[in-house]
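*Asks:* I'd like to ask you about the structure that follows.
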């Protein structure tokens, strides 16, 4: 039978270890702040202030209007060149990312109701921004056509207006920061718990622990609970930075978010202990923990790369990792606010992951004791 007194004894012992270890305290307090501030400020999906060269061969009022609309937007930083060859040379030297060529008959063709085109040359070496730039130019083109048609008797046209739900300004921070909670907790939880048992094997204190009547499940629970408290504290830090520094809303339920956080923490804390029972060297435990904690939470969670765009095999692999489900819960609670019943699938997956990992950790730890 599991003894609460023995669990509390292991828990108290682990708390003393944490308080005497400055590395653990620094990791728990400083690492969430550094990761959220660096990732939240550096990752930006909205392309802005793109260095763009232009050749105005028309020198008309209409061409100047088009350039004025380009320059007044936050998307382009315009630089005039004398010829197309000069613009191409700047693109080859990576001084500009785009080149816009306005033909000499631009205004005349528009005045005569004839088709008129503007050539746009984009640097295709960075395909992450090419589509966004083409879309921006299309928006400015539509705005210019609206300006030209103002005051004229034109036939009514169908007008399509788009509105973005849950993230009206398409802020990258609103997309990135909720997912950062999963990355921070995954790395912190698995890294700290991966060191706890391997450190005791290296220091020789595990033999003293084995001489006591404490059971494997009691050891696992006693070691998980202190780090779970540290993980919850780290989530609180991420939450406060998200609300105060980046101005994220929170429209969901704090209880739903806390429940998802707890299940996610249990799974990664158990995974860290599993690594720690299998590897008795701290250096090797850290390396394996970083591979299991950082890489899946970055690549297979939807934190940066959309899961819908991945290959079907990668999507199936992503379902194994708890980070994939917690990112969905975190973004939903920050921006949408769905109920617990609507999130039954990610919660069921997190519950299954945490139960399976804890059970595997206890079984493996029992075999380690018998070894």
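Nothing in this text is a laboratory measurement; each read-out follows from the coordinates by a stated rule. As the structure is a computational prediction, the values presented were derived from the model and not from experiment. Note: ideal-geometry Cβ built from the backbone for every residue, glycine included; neighbour counts use all protein chains shown.
*Asks:* Can you compute the modelled spin-label distance between residue 89 and residue 117, with each label point 7 Å from Cα toward Cβ, in nm?
*Replies:* According to this spin-label approximation, the distance is 2.7 nm.
*Asks:* Right, another one. Using only the Cα atoms, work out Rg/Rh for segment 1-103, with Rh taken as the Kirkwood radius, to two decimals.
*Replies:* Rounded to two decimals, Rg/Rh equals 1.53.
*Asks:* Report the gain in length on full extension from residue 258 to residue 5: 0.36 nm times residue separation, minus Cα-Cα distance, nm rounded to one decimal.
*Replies:* This chain segment gains 88.4 nm when fully extended.
*Asks:* A follow-up question, please. Under the 0.36 nm per residue contour assumption, what length would be gained going from the current alpha-carbon distance of residue 69 and residue 134 to full extension?
*Replies:* Full-extension gain reported as 21.9 nm.
*Asks:* I need the per residue convex hull volume for segment 172-324, using only the alpha carbons, in cubic angstrom as a whole number.
*Replies:* For segment 172-324, the hull spanned by Cα atoms encloses 122 Å³ per residue.
*Asks:* What angle, in degrees between 0 and 90 and rounded to the nearest 10, separates the Cα long axis of helix 22-42 from the longest principal axis of the Cα atoms of the chain?
*Replies:* Approximately 20 degrees, to the nearest ten.
*Asks:* Show me 96-106, 32-42 ranked by packing, highest mean number of other Cβ atoms within 10 Å first.
*Replies:* The peptides rank, most packed first, as 96-106, 32-42.
*Asks:* Give me the one-decimal nm value for the distance between modelled label points at residue 43 and residue 320, 7 Å along each residue's Cα-to-Cβ direction.
*Replies:* In this crude spin-label approximation the distance works out to 2.2 nm.
*Asks:* Please compute one quarter of the surface area of the Cα convex hull for segment 268-308 and express it in square nanometres.
*Replies:* 3.0 nm²
*Asks:* Calculate for the chain the 222 nm mean residue ellipticity that helices alone would give, adding -39,500 (n - 2.57) per DSSP H run of length 4 or more and normalising by residue count, nearest 500 deg cm²/dmol.
*Replies:* Counting only the DSSP helices, I get -22000 deg cm²/dmol.
*Asks:* Same structure again: Looking at the P(r) of the chain, how many percent of alpha-carbon pairs lie beyond 38 Å?
*Replies:* Cα-Cα pairs of the chain separated by over 38 Å account for 39 percent.
*Asks:* Could you state the angle between the C-alpha long axis of helix 282-299 and the longest principal axis of the C-alpha atoms of the chain, as a value from 0 to 90 degrees rounded to the nearest 10?
*Replies:* Taking Cα atoms only, the helix is inclined about 40 degrees.
*Asks:* So how do 241, 219 line up by other beta-carbon neighbours within 10 Å, fewest first?
*Replies:* 241, 219
*Asks:* Now for a different question. Under a point spin-label approximation (7 Å from Cα along Cα-to-Cβ), what is the residue 166-residue 105 distance to one decimal in nm?
*Replies:* Label-label distance for residue 166 and residue 105, simple model: 5.0 nm.
*Asks:* Nearest 10 degrees is fine. How inclined is helix 172-203 to the longest principal axis of the chain, computing both from alpha carbons?
*Replies:* Roughly 30 degrees, rounded to the nearest 10.
*Asks:* Additional query: So between residue 284 and residue 305, what do we pick up on full extension, going 0.36 nm a residue minus the alpha carbon distance?
*Replies:* 4.7 nm
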